[in-house]
1. Which entries of Lys79/Lys236; Lys68/Lys243; Lys74/Lys264; Lys74/Lys97; Lys79/Lys191; Lys98/Lys248 have Cα-Cα distances beyond 20 Å here?
2. Give the value in nm², to one decimal: projected area of the alpha carbon convex hull of the range 216-259, averaged over all directions.
3. For Lys159, give me every one of the aspartates and glutamates with a C-alpha distance below 17 angstrom, ignoring sequence neighbours fewer than eight places off in its own chain.
4. Mind giving me the FRET efficiency for Asn221 and Glu38? R0 is 30 Å, r the Cβ-Cβ distance, nearest 0.05 is fine.
5. Full extension from Glu228 to Gln19: what is 0.36 nm times the residue separation minus their Cα-Cα distance, to one decimal in nm?
6. Could you please report the charge total around Ala161, scoring K, R as +1 and D, E as -1 over all other residues with beta-carbon less than 10 angstrom from its beta-carbon?
7. Using the basic label-point model (7 angstrom from Cα toward the beta carbon), what is the Met107 to Lys243 distance in nanometres?
8. For Ile171 and Glu268, what does the FRET efficiency come to when R0 = 30 Å and r is the distance between their Cβ atoms, rounded to the nearest 0.05?
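Read-outs throughout are calculated quantities, based only on the coordinates presented, and are distinct from any laboratory measurement. Quick caveat: nothing in here was measured; it's all calculated off a predicted structure. Cβ: placed from backbone, ideal geometry, glycine included. Neighbour counts: every protein chain shown.
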Amino acid sequence: MKIITALFLLTGSVTANAQPRLITTAMVTTKTTIISPENDEQQMPTNTSGPGGEEIRMIRFGGDGETKTTTWLKNDLTKTFSESEMGRTTVIRDNAKKITTTIMEMMGRKTGFYATDEEQAAMRKQMDSMMRSRSQGNNTFFSNTPPSWRFEYLEDSKKLAGYACKKSLLIGTRSDGRSDTTVVWYCPDFKLQGLPSTGGSAGGFGGFNQVSGIDGMENLNGFPMQYERNMRNGRKMTVLVSKLDIDKEITDKEFEIPKDITVKPIKEMQNGGGPGFQIRIAGQ
């Protein structure tokens, strides 16, 4: 009897620690909602002129409102189409070649550019340097040291988009000791290859926030179906997967760049390349 009991307990332990299967083909529909406090002043897009006469469009990504995204996954390729009041954005990611292509439709104009992982790392370094300079000028603390993440798994459960999900807490600890907690509802049965999560600021606002680095979701024991995250200035972001099809047949044509759009290197966009057009990103 003791031997049988021991074998039963061992089997139960293996089942509980079973790893989620890796999905390589899927189509995901996600809704991201950001709400600001009543006293928060929203910064609207503004246009100014650069030193060379180029048009500079200052845009605050991550403002109030709702963003709907659809993400396609096929092996090393992902494509995310986002639509909000600010415009439409398509982000195509090739994980094998480590290249991200972004196509933006804003204020009646289409713009396309691509960046390698090395270039995005350089952009991240530049943004960190800029934030550090601003924080010193305002006598505030800024550190480019990434936070550490850990998960606490709870017993709560519910169904989302037809999938049985469990609750977890994603706790991030920053270099100054501050802690942030994100409530995550996830499906423990599977993960999506090269796609830790959908929606949010990275998928919903042009892919620019992809340079900000990892956010802890890649270590989740499953795929996040819903999560709530606190942002700066008291804003709150809620991300919800409304539809997930892991049996969807997706063709390579889905990841092709439209022929009516000229896609340029990110360096040309940063340097004001193109006919009088340049984009700069206002901080969140």
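1. Those over the limit are Lys79/Lys236; Lys74/Lys264; Lys98/Lys248.
2. Working: hull surface 23.6 nm².
That works out to 5.9 nm², a quarter of the Cα hull's surface.
3. Partners within reach: Asp189, Glu228, Asp245.
4. It comes out at approximately 0.20.
5. 72.8 nm
6. Overall, the nearby charge balance is +1.
7. Here the answer is 3.3 nm between the modelled labels.
8. Working: r = 41 Å, r/R0 = 1.36.
About 0.15, to the nearest 0.05.
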